[in-house]
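The values are calculated or read from the model by the stated rules, or taken from the named source; none is laboratory data. Please read these numbers as outputs of a predicted model, since none were measured by experiment. Please note: Cβ atoms are built from the backbone with ideal geometry, for glycine as well, and neighbour counts cover all protein chains shown. Calculation scope for accessible area: heavy atoms of the full protein, side chains included, ligands and nucleic acids excluded. Shrake-Rupley method; radii C 1.70, N 1.55, O 1.52, S 1.80 Å.
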Amino acid sequence: MFRADQRWTPSWGPQDSTLQVREQLYGGKFCFTSYQPREIGCVSVNATGRFPNDTQNKRFLRPDARPLSLVNWDLMLGYHDRYIKINRDNDEGRLHALLRWCLASERQLQATNEEGTGRGAPGHARLLNVDFVARRGHLARVLITPYSRQGWKMAVTLFRGTYFLLEERDEERPSETAEQYNFMGHKFEHYMTSANPNTQPDPFAVLDDNQAFFTVLNATLNSHSLLFSAEVDGHDLSYHNQSAPSCYVELKTSHFRGETRNVPSAMKLKWWAQSFLAGIPRLIVGFKRDKYNVNKCVMFNVTGAGLQQTPTRAMTATRAMENPDVWKPSVCMNFLDAFLSFVKEVVIEDNPEVVYTFRWKPHEDVHYSVKRGPEHCFLLPEYLQSAMSRGR
């Protein structure tokens, strides 16, 4: 289908109603140095609201973070008496914080006399100077599809020339076990970060799950321009000479399996997808010898010598003989490119009350259906009102 030195290109025709997900279709080269996410804003979130371009909830990596061994950190410390769970009843929607940032940063984002994206928005001026708006998690879910064992549903609506993506999930309350795992992940972050620069963390402080800090990023993936938000675990002051997001760090936990490199391939894939999409070049893993206690912390480079090159051996095996569950970053990036192109081909009605739902299940192609009606609109009402008031 293509030569080894060819850049991958989509293979479907304009009449196709599905997108194939076979790994072999996306094995062409991908220029990793062309993908350079750039921070253009931030959002702080707490129980009372969202605050665009506010850094009050940013946290900083502890000064002695590299390396940390012979520690014994109880990840359940404070679960019963110093834990404020997220208020799910007051959740405004996973995309709304980003749309509030867009409203506050209108002058920065607004396009001047620019038409819509090809066939996606005929006759409409673009309100935002980007093709796609999403959360990082939505993009990461699609990114790993060729190797994933978990299906997904992605809602897409086209409004004023921009495609908005929102993952559709079941709204069931998490189980007690899920709540504990969520707490332990955030507790590790409390051991590793503090609210003020160059200070040691206070693991005995109250953990408020309503507080978060998001970076707002702009990136280009081949012909697609992206605007998305990503939660930031910590700012690493050791890289003070690097601009965001290169100075950020991801924090994860994993069970210790004899050697620190023995992390399950599926877990490494998810870590890479989250970090690479957001341009975060380093992550620190807290290894546990039992269920609740971290005993050692190790830093991994997400990418090679250049910050946006393909991952190193720290993140993915290089030979199938070493790991039968091997995955290729280029396949993931080519598939995400294909999915976004597919969306542009399919989503043609510029109307926030028209929602296209893309569905994927393992071993199947990506299918889509269309829903119409105001009850399906998932965009922030204030964002819609602001656009309508300008007559666009």
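The set of residues from the range 201-246 being open to solvent by 10 Å² or more (accessible area, probe 1.4 Å), part of a loop (DSSP other than H, G, I, E, B) and of a type in the set (Asp, Glu) comprises 202, 209, 233. Out of (1) aliphatic (A, V, I, L, M); (2) surrounded by fewer than 16 Cβ atoms within 10 Å (Cβ to Cβ); (3) modelled with pLDDT of 90 or more, the odd one out for residue 266 is which? Evaluating residue 266 over (1) aliphatic (A, V, I, L, M); (2) surrounded by fewer than 16 Cβ atoms within 10 Å (Cβ to Cβ); (3) modelled with pLDDT of 90 or more leaves (3) as the failure. Considering only residues in the range 61-98 that are open to solvent by less than 40 Å² (accessible area, probe 1.4 Å) and in contact with an Asp or Glu (Cβ under 8 Å, 6 or more places away or on another chain), the one that is modelled with the lowest pLDDT turns out to be 65.
Of the set (1) in contact with a Leu (Cβ under 7 Å, 6 or more places away or on another chain); (2) without any contact (Cβ under 8 Å) to a residue 40 or more places away in the chain, all apply to residue 188 but (2).
Name every residue in the range 153-165 that is part of a strand (DSSP E or B) and either more than 15 Å from residue 369 (Cα to Cα) or open to solvent by less than 10 Å² (accessible area, probe 1.4 Å) (or both), in order of residue number. Quick ask: steps written out before the conclusion?
So in the range 153-165, the residues part of a strand (DSSP E or B) come out as 153-159, 162-165.
Correct list: 154, 155, 156, 157, 158, 159, 162, 163, 164, 165.
The set of residues from the range 50-66 being part of a loop (DSSP other than H, G, I, E, B) and either of a type in the set (Ser, Thr, Tyr) or in contact with a helix residue (DSSP H, G or I) (Cβ under 8 Å, 6 or more places away or on another chain) (or both) comprises 53, 55, 59, 62, 63, 65, 66. Give me the pairs, please: first residue somewhere in the range 114-141 and at pLDDT below 95 and among the hydrophobic types (A, V, I, L, M, F, W, C), second residue anywhere and open to solvent by 40 Å² or more (accessible area, probe 1.4 Å) and in a loop (DSSP other than H, G, I, E, B), beta-carbon distance under 9 Å, and either six or more positions apart or on two chains. Within 9 Å, the pairs are 121/348; 125/113; 125/114; 125/392; 127/110; 127/390; 127/392; 128/110.
Please work out which residue is surrounded by the fewest Cβ atoms within 10 Å (Cβ to Cβ), limiting yourself to the range 1-49 and to residues that are of a type in the set (S, T, N, Q) and either at pLDDT below 85 or part of a strand (DSSP E or B) (or both). Steps first, answer last, please.
Kept after step one, since they are of a type in the set (S, T, N, Q), are these residues of the range 1-49: 6, 9, 11, 15, 17-18, 20, 24, 33-34, 36, 44, 46, 48.
With the extra rule that they be either at pLDDT below 85 or part of a strand (DSSP E or B) (or both), the set shrinks to 6, 9, 11, 15, 44, 46, 48.
Numbers: 6: 10, 9: 13, 11: 13, 15: 6, 44: 19, 46: 13, 48: 9.
By that ranking, first place goes to 15.
Residues of the range 283-304 that are farther than 21 Å from residue 184 by Cβ and surrounded by fewer than 22 Cβ atoms within 10 Å (Cβ to Cβ): 301, 304.
Taking residues in the range 158-180 that are on the phi > 0 side of the Ramachandran plot and in contact (Cβ under 8 Å) with a residue 40 or more places away in the chain, and partners anywhere that are in a strand (DSSP E or B) and surrounded by fewer than 16 Cβ atoms within 10 Å (Cβ to Cβ), the pairs with Cβ atoms closer than 8 Å and at least 6 places apart or on different chains are 161/115.
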